[in-house]
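Working notes, beginning with the structure itself.
The values are calculated or read from the model by the stated rules, or taken from the named source; none is laboratory data. As the structure is a prediction and not an experimental result, all values here were calculated from the model. All Cβ positions, glycine included, derive from the backbone under ideal geometry; neighbour counts span all protein chains shown.
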């Protein structure tokens, strides 16, 4: 049976492994400086704005969703965004991603959010199809620049 729970600082190595799998999946190849990376992760885990949801099966961490909730003047209240979602390759297509998203929706609603956003790489057709099946709609285009 798969269950979800919030990640704690003691889960940091499992969170790192899941984020590493996500990076490989989407083709991120840059080197990670471990001290800086773990410092950032620890700050995020301690911050009330960030929620790390783990999916577990028989105690093994098989999925992760990272949720950010911030106040927004544009939204006139809190704003929620899924910043990362990964389910390990061998556990995909079993409803685990959907379960994580449903829990993120519940948390976002409880924090006064009326909207849940997610950004997807334009070439990631599998992720686009996944979110569309969950009734996410394309709303806007994201732009970025390297600093």
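Among the residues of region 1-15, those identified as within 16 Å of residue 36 (Cα to Cα) and either out of contact with any helix residue (DSSP H, G or I) (no Cβ under 9 Å at 6 or more places or on another chain) or surrounded by fewer than 15 Cβ atoms within 10 Å (Cβ to Cβ) (or both) are 9, 13.
Select, from 114, 121, 81, the only residue that is in contact (Cβ under 8 Å) with a residue 60 or more places away in the chain, surrounded by 11 or more Cβ atoms within 10 Å (Cβ to Cβ) and not in a helix (DSSP H, G or I). Step through it out loud before you land on a result.
Values: 114 fails: in contact (Cβ under 8 Å) with a residue 60 or more places away in the chain; 81 fails: in contact (Cβ under 8 Å) with a residue 60 or more places away in the chain.
None of the others qualify; the one that does is 121.
Mind telling me which of the residues 54, 22, 9, 64 ends up being at pLDDT below 90 and within 15 Å of the chain's Cα centre (by Cα)? Talk me through it step by step, then tell me what you get.
Numbers: 54 fails: at pLDDT below 90; 9 fails: within 15 Å of the chain's Cα centre (by Cα); 64 fails: at pLDDT below 90.
Only one candidate passes the filter, namely 22.
Within region 127-141, track down each residue that is surrounded by 10 or more Cβ atoms within 10 Å (Cβ to Cβ) and either part of a loop (DSSP other than H, G, I, E, B) or on the phi > 0 side of the Ramachandran plot (or both). If you could, list the steps in order and put the result at the bottom.
Of the residues in region 127-141, the ones surrounded by 10 or more Cβ atoms within 10 Å (Cβ to Cβ) are 127-134, 136.
Within region 127-141, 134, 136 qualify.
Considering (1) modelled with pLDDT of 85 or more; (2) exposed (fewer than 11 other Cβ atoms within 10 Å of the Cβ), the lone condition that residue 30 does not fulfil carries the number (1). Based on what the data block shows, is residue 100 part of a strand (DSSP E or B), modelled with pLDDT of 95 or more and under 19 Å from residue 4 (Cα atoms)? Taking the combined requirement at face value, the residue does not satisfy it.
Just so you know, in region 84-97 the residues that are part of a helix (DSSP H, G or I) and loosely packed, with under 15 Cβ neighbours inside 10 Å include one that is modelled with the lowest pLDDT, and it is 89. Out of 107, 19, one residue alone is farther than 22 Å from residue 138 by Cβ, in a helix (DSSP H, G or I) and either in contact (Cβ under 8 Å) with a residue 60 or more places away in the chain or in contact with a helix residue (DSSP H, G or I) (Cβ under 6 Å, 6 or more places away or on another chain) (or both). It is 19. Going through (1) under 27 Å from residue 144 (Cβ atoms); (2) surrounded by 13 or more Cβ atoms within 10 Å (Cβ to Cβ); (3) in contact (Cβ under 8 Å) with a residue 12 or more places away in the chain one by one, residue 56 falls short only on (1).
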